[in-house]
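Novice: Please find one structure pasted underneath; my questions will follow.
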Amino acid sequence: MTDAVDVRTLDLTDAAGLRHRAAELVPCFKALADEHRLAIMLLLATGPHTVRELTDATGFAQTLVSHHLAALREVGLVTSTARGRANLYRLCCDQLAGPVRLLASLATLTPEGSQACCADPA
């Protein structure tokens with residue numbers, strides 16, 4: 001995953017470097033662009049879950065949950081550990097943090113975005 005977490009730190013004169021950074025981010029963003037995978041990620045944000053728990057919570061078929069978990073594991077967004085006869089899935093926050101920070105820095109590039117991102121919520 002990319003180490004550039006702020007678009008202002010990118011060398012805009014290095015076209016090959018920009019394409020390389022974009023290519024590094026694509027798998028993560030593609031994985032998150034699917035509503036099934038995003039629903040699973042939202043559930044995993046509440047804590048670790050088994051496939052059965054994810055199936056029960058989402059109403060998705062077990063094979064669909066397993067398929068999407070495999071895709072999330074492939075890009076490093078989800079990890080699993082054995083728990084008895086089941087696997088326990090959890091978010092890999094380190095892999096998610098870089099792209100999220102990059103998106104947040106994109107949002108601050110315009111005056112309107114900067115005000116929205118830095119506005120006092122009170």
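Novice: Taking region 33-91, which residues are farther than 27 Å from Ala23 by Cα and of a type in the set (Phe, Trp, Tyr)?
Specialist: If the condition is that a residue be farther than 27 Å from Ala23 by Cα and of a type in the set (Phe, Trp, Tyr), then Phe60 is the only one that fits.
Novice: Filter the helices (runs of 4 or more DSSP H) completely within region 1-69 down to those with at least 1 residues that are touching a strand residue (DSSP E or B) at 6+ places or on another chain (Cβ under 8 Å) and modelled with pLDDT of 85 or more.
Specialist: Those helices (runs of 4 or more DSSP H) span 35-44, 51-58.
Novice: Here's a follow-up. Counting only residues that are closer than 16 Å to Ala39 by Cα, of a type in the set (A, V, I, L, M, F, W, C) and assigned to a strand (DSSP E or B), how many does region 72-105 have?
Specialist: 2
Novice: If Gly17 satisfies every condition in (1) on the phi < 0 side of the Ramachandran plot; (2) within 19 Å of the chain's Cα centre (by Cα) but one, which is the exception?
Specialist: (2) is the only condition that Gly17 fails.
Novice: A further question follows. State the number of residues belonging to region 74-88 that are out of contact with any strand residue (DSSP E or B) (no Cβ under 9 Å at 6 or more places or on another chain), at negative phi and surrounded by fewer than 17 Cβ atoms within 10 Å (Cβ to Cβ).
Specialist: Final tally of qualifying residues: 2.
Novice: Between Thr63, Thr46, which is closer than 24 Å to Leu103 by Cβ and among the polar types (S, T, N, Q)?
Specialist: Thr46
The values are calculated or read from the model by the stated rules, or taken from the named source; none is laboratory data. In this text, all values refer to a predicted model and were calculated from it rather than measured experimentally. Backbone-built Cβ (ideal geometry, glycine too); neighbour counts: all protein chains shown.
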